[in-house]
């Protein structure tokens with residue numbers, strides 16, 4: 001993917017929306033939160049572009065997740081809101097930038113988000129496309145690989161059984177136990 005120029009970003013529709021709704025530079029003049037904005041952005045910038053990395057990068061650069069999507073999340077959020085969180089966190093991992101800072105800063109909706117995500121992953125209707133389901137699985141992979149973050153560990157610990165440790169080889173088990181300062185298995 002060829003890099004975006006400052007001119008391209010400045011002239012982008014997302015930048016205009018950011019100035020209206022979530023950019024820190026225009027905080028004093030923001031329009032009130034509107035869930036339809038998230039649905040419309042998801043439909044036009046993500047789904048309609050077949051999950052274009054370029055469009056997702058523009059959303060990420062505008063601090064959309066940090067300043068609009070996550071602070072306004074609730075468990076009864078629309079599927080587009082859930083998927084916006086998923087897509088933007090996956091993009092942060094792709095870019096190798098800290099992905100969980102917004103969640104740690106604003107942890108309130110996290111448990112509800114996880115519940116919503118788990119229900120969505122188990123949904124057998126056609127509500128989510130195969131591509132969206134794939135993005136949710138990638139997100140779950142990132143989530144379970146981020147157990148070192150207290151918020152993540154607390155949120156997902158009830159979904160993992162300690163009995164899984166029995167499946168590890170002795171060497172792997174000793175490494176895990178050392179890492180978490182637990183006594184050796186007897």
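One line per residue, one yes/no per condition, for (1) crowded, with 18+ Cβ neighbours inside 10 Å; (2) at pLDDT 95 or above; (3) in contact with a helix residue (DSSP H, G or I) (Cβ under 7 Å, 6 or more places away or on another chain); (4) within 19 Å of residue 4 (Cα to Cα):
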| site | (1), (2), (3), (4) |
| --- | --- |
| 59 | yes, yes, yes, yes |
| 78 | no, yes, yes, no |
| 82 | yes, yes, yes, no |
| 85 | yes, yes, yes, no |
| 90 | yes, yes, yes, no |
| 124 | no, no, no, no |
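With respect to residue 99, determine if the residue is touching a helix residue (DSSP H, G or I) at 6+ places or on another chain (Cβ under 6 Å), buried (at least 17 other Cβ atoms within 10 Å of the Cβ) and assigned to a loop (DSSP other than H, G, I, E, B). Yes; evaluated as a whole, the condition is true for this residue. Within region 119-145, being free of Cβ contacts under 8 Å to residues at least 40 places away in the same chain and in a helix (DSSP H, G or I) holds for 119, 121, 122, 130, 133, 134, 137, 140, 141, 143, 144.
Within region 63-76, the set of residues being part of a helix (DSSP H, G or I) and surrounded by fewer than 20 Cβ atoms within 10 Å (Cβ to Cβ) comprises 66, 67. Each residue in region 19-51 was checked for being in contact with a helix residue (DSSP H, G or I) (Cβ under 8 Å, 6 or more places away or on another chain) and either part of a loop (DSSP other than H, G, I, E, B) or closer than 17 Å to residue 73 by Cα (or both), and 16 pass.
Quick one: would you say residue 138 is over 28 Å from residue 49 (Cβ atoms), modelled with pLDDT of 95 or more and in contact with a helix residue (DSSP H, G or I) (Cβ under 8 Å, 6 or more places away or on another chain)? Taking the combined requirement at face value, the residue does not satisfy it. Within region 149-166, does at least one residue satisfy the condition of being surrounded by 12 or more Cβ atoms within 10 Å (Cβ to Cβ), more than 27 Å from the chain's Cα centre (by Cα), modelled with pLDDT of 75 or more and assigned to a helix (DSSP H, G or I)? No, the conditions are met nowhere in region 149-166.
The values are calculated or read from the model by the stated rules, or taken from the named source; none is laboratory data. Everything quoted here is computed from the prediction, not taken from an experiment. Counting neighbours? That spans all protein chains shown, and the Cβs are built from the backbone with ideal geometry, glycine included.
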